[in-house]
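Laboratory data are not the source of any read-out in this text; all were calculated from the coordinates shown. Please read these numbers as outputs of a predicted model, since none were measured by experiment. Methodologically, a virtual Cβ is constructed for each residue, glycine included, from the backbone with ideal geometry; neighbour enumeration extends over all protein chains shown.
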Amino acid sequence: MAANQEDNKWKRPKSVPIPTVWRKCTSIKKLADGKTSKFIIQDISEDKKEDVVDFMVEHFSRDETICQCLNLVEDPVSIEEFRVLWREMLAHNLGLVAYVEGEDGKPTSKIAGCNVTCMSYKSDYMTHDMVKGRVTRIIVRDILEYGSHIVDVFERYGVDEYMTAMGLCVDPMYRGQGLGLEILKARFDLGKAVGLKVTMTAFTGIASQIQAERAGFEVIAEIFYADFKDEDGNPV
């Protein structure tokens, strides 16, 4: 039964090769050295997935609004659980990475940003008692569990699966350059190319929320940080 269920799950069409370049863009203003940068946004190839995981640990874990508030970088158990989660998500072959473009017009090895995206199915579930880290337990409880009670994406859009994400991240060097917006636009390009009808994310920071609106995402629910409480009813 489990094998049959797995066979019925979405698979990326072979007609859409990895890596496919989805967008190219240029920084909207000059960097500190007075130069502009060009970026190539493409799929994350198998040999680059661990580089992306390392990038997320270095930047997302430190700078993302909730991770920063909860001091994720000081919670090694949660960091390792996030590493495992991001690897599992990237195995769906839907992740996007933005590389700095070299003078030859090809991507360099320098990661400027990424979006860790994957498929979400009706049969998926995750509860905070399935993880051990202090921060991961809070995030799973307050974002995944709580959010799923507010909006049923499957029923709202009449689908059995959709593209979700946990981590839109841009290197601090390239923030404010419009790269996050272009990565989100590339996400729509990718989704359409592989036959997906819906994509959804909980955008947690004001910058990503602004970029998501500009990219064409619609707001279907809002949660105020002041509403998040721990098991004893204290603000998180």
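Listed values, structure above:
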read-out: Ascending count of other beta-carbon atoms within 10 Å, so fewest first, for Tyr121, Tyr157, Tyr174; value: Tyr157, Tyr121, Tyr174
read-out: Estimated FRET transfer efficiency when R0 is 35 angstrom, pair Leu144-Asp54 (beta carbons, to 0.05); value: 0.90
read-out: Burial ranking of peptide ranges 41-50, 209-218 (average Cβ count within 10 Å, highest at the top); value: 41-50, 209-218
read-out: Total formal charge among the other residues, if their Cβ is under 12 angstrom from that of Leu190, Lys/Arg +1 and Asp/Glu -1; value: +3
read-out: Stretchable slack from Val73 to Leu31, in nm (0.36 nm times residue separation minus alpha-carbon distance); value: 12.3 nm
read-out: Size of electric dipole in the chain: Cβ of Lys, Arg +1 and of Asp, Glu -1, about Cα centre, debye, nearest 20; value: 1020
read-out: Virtual spin-label span in nm between Glu80 and Asp104, 7 Å along Cα→Cβ; value: 4.0
read-out: Between the range 148-184 and the range 55-79, the alpha-carbon center distance in angstrom; value: 18
read-out: Over 26 Å (Cα to Cα) - which of Lys14/Lys197; Lys29/Lys49; Lys11/Lys38; Lys110/Lys132; Lys49/Lys192; Lys29/Lys192 fall in this group; value: Lys29/Lys49; Lys11/Lys38; Lys110/Lys132; Lys29/Lys192
read-out: Gain in span if fully extended, Thr65 to Met173, counting 0.36 nm per residue against the direct Cα distance; value: 37.1 nm
read-out: Extension gain (nm, one decimal) between Glu218 and Ile18, 0.36 nm per residue minus Cα-Cα; value: 69.1 nm
read-out: Relative contact order (%) - the range 21-216, alpha-carbon pairs under 8 angstrom, separation at least six; value: 23
